[in-house]
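See structure below.
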């Protein structure tokens, strides 16, 4: 069988039951964000805040780690 796709074969043919990254929506210091759980820590993936000042705050920059309480 020939398989044509724009998706890499490793991704398209992987086991659908395999687990991917653990993403969660959380609120930290009043800022709603999506984080990826990395062990006990959480790494910021995306902000969902309508306040533009949150995007300028270096603490909430995607890639930074935050502590969940």
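Every number here is computed from the coordinates shown, using simple stated rules; none is lab data. This structure is a prediction, so every number in the text was calculated from the model and none was measured. Don't worry about glycine lacking a Cβ; one is built from the backbone with ideal geometry, like all the others, and counts go over all protein chains shown.
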Filter result (surrounded by 11 or more Cβ atoms within 10 Å (Cβ to Cβ) and either assigned to a loop (DSSP other than H, G, I, E, B) or touching a residue at least 40 places away in the same chain (Cβ under 8 Å) (or both)) within region 50-65 | 51, 57, 61, 62, 64
Of the residues in region 12-59, how many are more than 18 Å from the chain's Cα centre (by Cα) and within 30 Å of residue 2 (Cα to Cα)?
-> 6
If you take just the strands (runs of 3 or more DSSP E) that sit entirely in region 6-49, which of them hold at least 2 residues that are farther than 17 Å from residue 63 by Cβ and in contact with a strand residue (DSSP E or B) (Cβ under 9 Å, 6 or more places away or on another chain)?
-> 23-28
